[in-house]
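The values are calculated or read from the model by the stated rules, or taken from the named source; none is laboratory data. Not measured: the values here are computed from a predicted model. Every residue, glycine as well, gets a Cβ built from its backbone with ideal geometry; the counts of neighbours run over all protein chains shown.
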Amino acid sequence: MNIVKATYLISSPSLDGCPKPDRPEFAFIGRSNVGKSSLINMITGMKHLAKTSATPGKTQLINHFLVESRDSDHAALEKWYLVDLPGYGFAKVSATQRKKWEKMIEQYLRGRTNLLNTYVLIDARHSPQRIDLDFINRLGEWGIPFSIVFTKSDKETQKVVSANVQQFQQALLKQWEELPAVFVTSAEKRKGRTALLKAIAEIKLTAS
């Protein structure tokens, strides 16, 4: 898949404020400070599309981006939505605000009819974290299709990253009979971009 153009569309405080569900949609979510905005910018090839911040919890709304792409040089132009969701976990906000975010995220994930897949971002530098495992298990309870994207793989040795990925998968197998697709990425090295775009293209094709 070749990204021709990606533009910011709208930020919504609730599912009702999202654009009409008339195009394929892919959402990205993860713990605060997992490198979500950097990954989105890497995938689209636009450095400043999603706003990056050193402060966890910067993303507070459902952010829609309109992506235009071609599966080959001579293929028809396709338009689809890429969504940047608020992170979960370490943001320094009140319990009330956190619950509000959680409700907004759940309503979006369970109610967005054109959502084809959700990419759950995991920091590859760390061993399995309960907060990530719990969120993934919740997606399973809700019946939400998802894949796992390990980020920041360039920040640790390949040996450590491989061990963390394997441990995470083993932890999931305690609850899951089958594992979802897994991608190992680095926004700085542009690692995993081709594999992610290929997966998105295949999901779009299957759903069409």
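Can you tell me which residue among Ser186, Ser147 is touching a Phe, Trp or Tyr at 6+ places or on another chain (Cβ under 8 Å) and among the hydroxyl-bearing types (Ser, Thr, Tyr)?
Ser147
Given the structure, is Ala171 in contact with a Pro (Cβ under 6 Å, 6 or more places away or on another chain) and not basic (Lys, Arg)? Spell out the reasoning first.
On the way: in contact with a Pro (Cβ under 6 Å, 6 or more places away or on another chain): yes; not basic (Lys, Arg): yes.
Yes.
Of all residues in region 3-28, how many are surrounded by 16 or more Cβ atoms within 10 Å (Cβ to Cβ) and out of contact with any strand residue (DSSP E or B) (no Cβ under 6 Å at 6 or more places or on another chain)?
Residues that pass the stated criteria total 1.
State all residues of region 29-51 that are under 15 Å from Gln129 (Cβ atoms) and in contact with a Ser or Thr (Cβ under 6 Å, 6 or more places away or on another chain); if no residue qualifies, say none.
Those that are under 15 Å from Gln129 (Cβ atoms) and in contact with a Ser or Thr (Cβ under 6 Å, 6 or more places away or on another chain): Val34, Gly35.
Which one is farthest from Arg125 (Cα to Cα) among residues in region 152-178 that are surrounded by 13 or more Cβ atoms within 10 Å (Cβ to Cβ) and of a type in the set (Ser, Thr, Tyr)?
Looking at residues that are surrounded by 13 or more Cβ atoms within 10 Å (Cβ to Cβ) and of a type in the set (Ser, Thr, Tyr), I get Ser162.
Is region 139-153 home to any residue that is in a helix (DSSP H, G or I) and more than 23 Å from Glu25 (Cβ to Cβ)?
Yes, because at least one residue in region 139-153 is in a helix (DSSP H, G or I) and more than 23 Å from Glu25 (Cβ to Cβ).
For region 53-83, which positions are among the basic types (Lys, Arg), at pLDDT 90 or above and touching a Lys or Arg at 6+ places or on another chain (Cβ under 9 Å)? Give the steps one after another, and end with the answer.
In the first step, residues of region 53-83 are kept if they are among the basic types (Lys, Arg); the result is 58, 70, 79.
Now narrow it down to the ones that are at pLDDT 90 or above: 70, 79.
Result: Lys79, single match.
Consider only pairs whose beta carbons are under 6 Å apart and that are at least six residues apart or on different chains; among these, list those whose first residue lies in region 179-208 and is of a type in the set (Ser, Thr, Tyr) and whose second residue is surrounded by 12 or more Cβ atoms within 10 Å (Cβ to Cβ).
Thr185/Val149; Thr185/Thr151; Thr185/Lys191; Thr185/Gly192; Ser186/Ser153; Ser186/Asp154
For (1) of a type in the set (A, V, I, L, M, F, W, C); (2) closer than 23 Å to Phe26 by Cα; (3) modelled with pLDDT under 95; (4) over 14 Å from the mean Cα position of the chain (by Cα), each residue gets a yes or a no:
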position: Val160; (1), (2), (3), (4): yes, no, no, yes
position: Ala163; (1), (2), (3), (4): yes, no, no, yes
position: Ala181; (1), (2), (3), (4): yes, yes, no, no
position: Thr185; (1), (2), (3), (4): no, yes, no, no
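So how many residues does region 85-113 have that are crowded, with 16+ Cβ neighbours inside 10 Å and modelled with pLDDT of 95 or more?
3
Conditions (1) free of Cβ contacts under 8 Å to residues at least 60 places away in the same chain; (2) within 24 Å of Ser38 (Cβ to Cβ); (3) not in a helix (DSSP H, G or I), marked per residue:
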position: Arg98; (1), (2), (3): yes, yes, no
position: Met104; (1), (2), (3): no, yes, no
position: Tyr108; (1), (2), (3): no, yes, no
position: Thr118; (1), (2), (3): no, yes, yes
position: His126; (1), (2), (3): yes, yes, yes
position: Asp132; (1), (2), (3): no, yes, no
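When the residues of region 1-44 are filtered to those that are basic (Lys, Arg) and assigned to a loop (DSSP other than H, G, I, E, B), which remaining residue is nearest to the chain's Cα centre (by Cα)?
Arg23
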